[in-house]
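The block underneath contains the structure these notes are about, expressed in structure tokens.
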Amino acid sequence: MKPFIAADILLPGEQTDMTLWAALACDQFTSQPDYWQRAEALTAGAPSTLHITLPEIYLGRPDTDARIAAIHETMRRYQRDVLTRTLRGFVYVERTTQNGVRQGLVGTVDLEAYSYERGCAPLVRPSERTVAERIPPRLAVRRGAPLETPHILMLIDDAARAVIEPLAAKKAALAPLYDTELMLGGGHVSSWAVTDAADCAAIESAVAALGSQESFDSKYPGAAGRPPLAVAVGDGNHSLATAKAYWEELKPTLPPAERETHPARWCLAELVNIHSPAILIEPIHRVVTGTSCDELAAAFRLFLAGRSAEEKGTVQRFTFFDSARARVMSIPAAPGSLAAETIECFLQAHLDAHPELRVDYIHGEDNLRSVVCEQTDAVGIQMPPIDKDTLLMGVALGGVLPKKAFSMGHAEEKRYYLECRAIAPQAL
């Protein structure tokens with residue numbers, strides 16, 4: 001099975017302003033409505049992927065159903081009038097961030113090679129725990145949608161840099177697709193079409209080879225003999241899980257032959273190499289509203305005192321702070337091997353006992369401070385750094401990280417929606 005293959009990709013016509021077309025991943029700035037208000041003001045009346053996605057800040061609001069209906073109608077209009085460029089193959093992407101140039105490859109993930117169910121070890125795996133309760137609102141957007149556009153970033157462990165990086169050397173021979181600044185501090189992105197049949201076949205085979213038993217055992221000797229891993233989810237875990245849930249919902253309604261070819265079996269995503277120096281793995285911070293720094297820190301100390309901790313060999317440090325004070329918590333023997341595991345165990349227990357509190361997940365220390373300073377009853381939990389070299393090793397060993405354990409770069413450096421793809425046969 002080839003877990004990542006070429007796709008039928010749609011892009012807007014040359015006359016489209018790509019700076020306005022490309023919109024940031026919907027799961028960012030969930031506590032900062034002013035970002036999305038500025039984005040809406042910028043794109044008003046212009047073709048934009050902002051109008052065919054639903055920022056998570058709007059989930060659960062009374063007008064959510066109306067927003068989803070408008071998204072589906074706009075998708076149909078864009079498919080008819082805006083998405084006039086098509087290609088069969090991959091899109092090679094270079095995204096300029098403050099950490100360098102992140103190289104990527106847009107194609108499709110075979111959802112038959114992926115599962116987010118606990119205990120499964122497919123070729124394509126989540127790298128953090130999937131929260132089933134987060135899928136239904138996203139599934140409501142995907143049901144009835146004729147198109148998809150991805151913010152998903154998939155990780156490969158390609159130390160030889162044999163899959164994506166060689167395309168940089170031959171991009172002069174590839175057809176350019178877009179070259180644009182990204183709105184509201186997103187940096188710059190450029191791309192080229194990879195459509196040669198031999199090139200596409202070589203890429204598909206190279207990704208599949210990363211998931212061979214021989215390759216897996218060589219990279220992860222501590223996990224030798226276990227089911228191999230080819231690709232892991234980096235960003236957009238719940239978006240890929242939603243695509244899988246939709247496919248599993250749709251599949252029983254299809255005749256066997258159509259299950260092999262239906263476009264909803266695949267999900268558009270960008271593949272990146274974890275060994276790229278431009279990929280920065282950062283912790284995702286927490287904000288708890290409805291309490292104070294002293295109250296939350298005291299509850300955390302009680303939580304730790306009431307649990308039997310195992311020595312893990314590393315110290316975990318957290319900073320709890322509100323607008324008035326900060327408390328640095330240092331734990332030499334934490335109850336969880338990862339900082340996110342420790343904090344999630346605490347927050348789950350504390351919020352069960354105090355349902356009036358609310359937790360949100362924040363990308364970037366600057367955004368964390370901004371959110372806390374804007375509220376009188378908000379406490380920030382600043383998480384410690386993450387070693388990216390151990391990330392896929394943990395997944396290979398059969399585990400997944402706790403939810404919201406890490407982020408790939410700062411909020412503005414997340415993937416912007418750009419490419420589209422039809423996921424309904426009648427739209428092909």
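See the values below:
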{"item": "Among the candidates Val82, Val106, residue that is on the phi < 0 side of the Ramachandran plot and in contact with a strand residue (DSSP E or B) (Cβ under 7 Å, 6 or more places away or on another chain)", "result": "Val106"}
{"item": "Members of the range 169-194 found to be part of a helix (DSSP H, G or I) and surrounded by 13 or more Cβ atoms within 10 Å (Cβ to Cβ), listed by number", "result": "Lys171"}
{"item": "Selection from the range 101-124 of residues that are in a loop (DSSP other than H, G, I, E, B) and surrounded by fewer than 19 Cβ atoms within 10 Å (Cβ to Cβ)", "result": "Glu117, Arg118, Gly119, Cys120, Ala121"}
{"item": "Criterion (crowded, with 18+ Cβ neighbours inside 10 Å and on the phi > 0 side of the Ramachandran plot) met by exactly one of Gly225, Gly236", "result": "Gly236"}
{"item": "Hits in the range 361-399 - residues which are assigned to a helix (DSSP H, G or I), open to solvent by 70 Å² or more (accessible area, probe 1.4 Å) and farther than 15 Å from Asp34 by Cβ", "result": "Glu365, Arg369, Asp389, Thr390"}
{"item": "Qualifying residue in the range 145-156 (condition: among the hydroxyl-bearing types (Ser, Thr, Tyr), open to solvent by 10 Å² or more (accessible area, probe 1.4 Å) and more than 20 Å from the chain's Cα centre (by Cα))", "result": "no"}
{"item": "The range 278-304, subset acidic (Asp, Glu) and over 30 Å from Ile164 (Cα atoms), residue most open to solvent (accessible area, probe 1.4 Å)", "result": "Glu295"}
{"item": "Test for Gln98: is it touching a residue at least 24 places away in the same chain (Cβ under 8 Å), open to solvent by 10 Å² or more (accessible area, probe 1.4 Å), within 21 Å of the chain's Cα centre (by Cα) and under 24 Å from Ala6 (Cα atoms)", "result": "no"}
{"item": "Segments classed as strands (runs of 3 or more DSSP E), wholly inside the range 207-291, with at least 1 members that are under 18 Å from the mean Cα position of the chain (by Cα) and modelled with pLDDT under 95", "result": "231-235, 281-289"}
{"item": "Filter result (out of contact with any helix residue (DSSP H, G or I) (no Cβ under 9 Å at 6 or more places or on another chain) and under 30 Å from Leu42 (Cα atoms)) within the range 191-233", "result": "Ser191, Ala193"}
{"item": "Criterion: at pLDDT below 95 and on the phi > 0 side of the Ramachandran plot - qualifying residue of Gly89, Gly119", "result": "Gly119"}
{"item": "Qualifying residue in the range 364-375 (condition: of a type outside the set (Phe, Trp, Tyr), closer than 18 Å to Ile284 by Cβ, in contact with a Lys or Arg (Cβ under 8 Å, 6 or more places away or on another chain) and touching a residue at least 12 places away in the same chain (Cβ under 8 Å))", "result": "no"}
{"item": "Filter result (more than 20 Å from the chain's Cα centre (by Cα) and either surrounded by 15 or more Cβ atoms within 10 Å (Cβ to Cβ) or in contact (Cβ under 8 Å) with a residue 24 or more places away in the chain (or both)) within the range 340-360", "result": "Thr342, Ile343, Cys345, Phe346, Leu347, Ala349, His350, Leu351, His354, Glu356, Leu357, Arg358"}
{"item": "Residues that are surrounded by 18 or more Cβ atoms within 10 Å (Cβ to Cβ), free of Cβ contacts under 8 Å to residues at least 40 places away in the same chain and closer than 24 Å to Thr289 by Cβ, drawn from the range 9-56", "result": "Trp36, Pro55, Glu56"}
{"item": "The range 314-328, subset under 29 Å from the mean Cα position of the chain (by Cα) and touching a residue at least 24 places away in the same chain (Cβ under 8 Å), residue most open to solvent (accessible area, probe 1.4 Å)", "result": "Arg317"}
{"item": "Set Tyr92, Tyr78: member being closer than 30 Å to Pro166 by Cβ, of a type in the set (Ser, Thr, Tyr) and crowded, with 21+ Cβ neighbours inside 10 Å", "result": "Tyr92"}
{"item": "Pro425 vs. criteria at pLDDT below 85, surrounded by fewer than 18 Cβ atoms within 10 Å (Cβ to Cβ) and closer than 30 Å to His72 by Cα", "result": "yes"}
{"item": "Tally, over the range 400-419, of residues that are open to solvent by 60 Å² or more (accessible area, probe 1.4 Å) and touching a Phe, Trp or Tyr at 6+ places or on another chain (Cβ under 7 Å)", "result": "0"}
{"item": "Of all residues in the range 246-277 being open to solvent by less than 20 Å² (accessible area, probe 1.4 Å) and among the small types (Gly, Ala, Ser), the one that is nearest to Ile156 (Cα to Cα)", "result": "Ser276"}
{"item": "Residues being among the small types (Gly, Ala, Ser) and in contact with a Cys (Cβ under 7 Å, 6 or more places away or on another chain) - total across the range 1-26", "result": "1"}
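The values are calculated or read from the model by the stated rules, or taken from the named source; none is laboratory data. Bear in mind that the values here come from a model prediction, so they are computed numbers and not experimental data. For neighbour counting, all protein chains shown are included, and Cβ atoms are generated from backbone atoms with ideal geometry for every residue, glycine included. All accessible areas refer to the heavy atoms of the entire protein, side chains included, with ligands and DNA or RNA removed. Shrake-Rupley method; radii C 1.70, N 1.55, O 1.52, S 1.80 Å.
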